[in-house]
Amino acid sequence: MPKKKSESSSSPPPPTPMMRQFNAMKERYPAYLLLFRMGDFYETFGEDAVVASEILGITLTSRNKGKEDAIPLAGIPIKALDTYLPKLLAAGRYVALAEQLEDPAQAKGLVERGVVRLYTPGTIYEDELLPDSETSYLAALTEGRRGYGLALTELSTGELLLAEFTGADARDRALAEVIRRSPRELLLPEAVGHLRGSLERSIPVTLRGDNEFSQPSASRRLRDFFSVTSLASFGVEEMKLAGCAAGGILAYLEETQLGN
């Protein structure tokens, strides 16, 4: 009796070294749309390519088109980054920029690449990306037993503003001030995530870990940043809640600016 032929399921071919390089970066920055430098273009792959093509109105094609391992692909010229990047940010997308870290002509094998910049709505400081005559605040709001603390900074000028709100109407006044300042991005500790619904219709909200806003770590981060042993000279020593908000902003900047 002849043996029954086994049905073998074909599996897609393994990713190329370049796609493994892309996937490794994407795993590190899953919340960001990754612009991946390839020659004279920044390419996007997979779901990022679908999103980018819809927002930017660019052609969606695929890598290895027609094959089993076809991957959605969409790219923009590197010279057009200043045109397309603001559109992605205005649509609420966060962007990771991966550059070629060596000359492809000198590379032995795969070109070394790395993420050199993370863009979020509130962390832009480049003049060519900022609207003329408009402030571009990054804000953070914290909540405590005494009320609310607010911090705002503008990276292009280095301005840092702190405020606290106490009393029966502290919440309403804090939210009103946030709306009045109209920051491009608002950071909230996860514990204060319930405020998100009151604001995110008009302001992009980013939830962050509560530990980044804790009083000890925030105070230490501020002192280290300003190279001081005390914040008394700034007149904010007693503004604990606002200081926690400012510390949260610094933690976010350390992450998005990649140590710069």
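From helices alone, the chain scores -8500 deg cm²/dmol at 222 nm; the rule is -39500 (n - 2.57) for each run of n ≥ 4 DSSP H residues, then divide by the residue total. For trypsin sites (Lys or Arg not before Pro), the sites in segment 167-242 that DSSP calls loop and that have at most 15 other Cβ atoms within 10 Å are ARG201. About the centre of its Cα atoms, the chain shows a dipole size close to 1060 debye [charges on the beta carbon of Lys, Arg (+1) and Asp, Glu (-1) only; nearest 20 debye]. Among rounded, prolate and oblate, which fits the chain when a ≥ b ≥ c are the square roots of the eigenvalues of its C-alpha gyration tensor, a/c under 1.5 means rounded, and a/b larger than b/c means prolate? Prolate, because a/c is 1.5 or more and a/b exceeds b/c. Under the convention that each Lys and Arg Cβ holds +1 and each Asp and Glu Cβ holds -1, the size of the dipole of segment 138-256 around its Cα centre is about 180 debye.
Among PRO14, LEU97, MET25, pick out the residue whose Cα is farthest towards the positive end of the charge dipole of the chain, where Lys and Arg carry +1 and Asp and Glu carry -1 on C-beta, about the Cα centre. So the residue furthest toward the plus end is PRO14. Counting only Cβ charges, +1 for Lys and Arg and -1 for Asp and Glu, the dipole size of segment 127-191 around its Cα centre is about 460 debye. DSSP assigns beta bridges within segment 138-256; of those with both partners inside it, close to 70 percent run antiparallel.
Restricting attention to segment 88-129, which chymotrypsin sites (Phe, Trp or Tyr not before Pro) occupy a DSSP loop and are surrounded by at most 14 other Cβ atoms within 10 Å?
Numbers: sites: TYR94, TYR119, TYR125; in loops: TYR125.
Loop-located and lightly packed - TYR125.
Each Lys or Arg adds one and each Asp or Glu takes one away; over the other residues whose Cβ falls under 10 Å from the Cβ of ARG117, this sums to -2.
No value in this document is a laboratory result; all are computed from the given coordinates. The structure displayed is predicted, hence computed values, not measured ones. Positions of Cβ are backbone-derived with ideal geometry, glycine not excepted, and every protein chain shown enters the neighbour counts.
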